[in-house]
Structures are given as C-alpha cells and as structure tokens.
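None of the figures in this text is laboratory data; all of them are computed from the coordinates on show. What you see is a predicted model, and the numbers here were worked out from it, not measured in a lab. So basically every Cβ, Gly included, is an ideal-geometry build from the backbone, and we count neighbours across all protein chains shown.
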Amino acid sequence: MFNDIGPLELVTIVVLAVLVFGPDKLPKMIQDVTRTIRKIREFSESAKQDIRSELGPEFKDFEFEDLNPKTFIRKQLGNDDLGLKEIRNGFDLKKEMAEITDSVHGRETESPSSSSPSGPVDMTKRPEKTEPGERPPFDADAT
C-alpha cells in the first residue's frame, strides 16, 4: 500500500501526526484507522466472494484484476494466439522509413522490397494536364 514512501517521508508523517493529534490521542487514532482499513478490506473480500458465487462455476478462474484495461490488454496480447510476435519481429521500422525517404527523394533503393515489386513509388504530386475550360479533377486528399 505504501510502497513508494521513503524513510524521511515516514518520519515526517509521524512528527506531523504527533503535533496534530498529540501523544496521548495518537495511539487511539492509529487503532481507529487500522480498524477502519480492516473493515473496508473485509467488506471488499465479502463482496468479491458474493460476486464469484453469483457468477457460477463457469467463472471460477475470474479475477477482478482482469477488469483493469491495462491488465486485460496485456493478458490478451500476451498469449500468441494471433501471431503478433511474428508480425512484430517481421517489421523493420528503420528499413521501411529508409525506403520511404528514398522514394520521396527519388533515389533508388539498394534492395527492392517485396511489398513494392514495381520499383520505387513516385510520391510527388504533379498536376494533370487539363484542356482549357475543363474542370480539374477532384482531389480527396486536398479536402
């Protein structure tokens, strides 16, 4: 619960508690706080047990921590049913970016990639020649 509190912060909290509540009321305050925390934990555990019993035997391995979106996604992506590790390992970002940069600048790449067998892609936009009085073509990327 208090994993990130260092010794200096703990001493500061104790000194402030002694100053605020006084040395004679401090033990009773600590007992009240610990009793309240214990009751909250017991209430939480009983609510979890009630929910598990209501869900039935098909959800016997259900964990409430799985409801956290980060944990859920990490658990779903952790198993390799979808083959995501192969996709992740097969993608070389530096190579792809170098190929795109070379294509934009009109340079030839050293090795042609398997994704574009027809050679480098010309990414410069050149206006099409239109006859006088003809409307220019509609450009969906420009709007």
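Scalar couplings 3J(HN,Hα) for the stretch 19-24, obtained by applying the Karplus form with A = 6.51, B = -1.76, C = 1.60 to θ = phi - 60°, are 5, 6, 9, x, x, 7 Hz; x denotes Gly and Pro.
Just to verify a number: FRET efficiency for D4 and K28, C-beta to C-beta distance, R0 = 25 Å, to 0.05? Each step should come with its number before you reach the end.
Numbers: r = 28 Å, r/R0 = 1.11.
Given R0 = 25 Å and the Cβ-Cβ separation, E is 0.35.
Assuming R0 = 22 Å, can you tell me the calculated FRET efficiency for the pair R41 and F62, based on Cβ-Cβ distance, to the nearest 0.05? Don't jump to the answer; show the numbers that get you there.
Working: r = 20 Å, r/R0 = 0.89.
Approximately 0.65, to the nearest 0.05.
For a paramagnetic label modelled on V11 (point 7 Å from Cα along Cα→Cβ), amide N atoms under 16 Å away are absent within the stretch 23-59.
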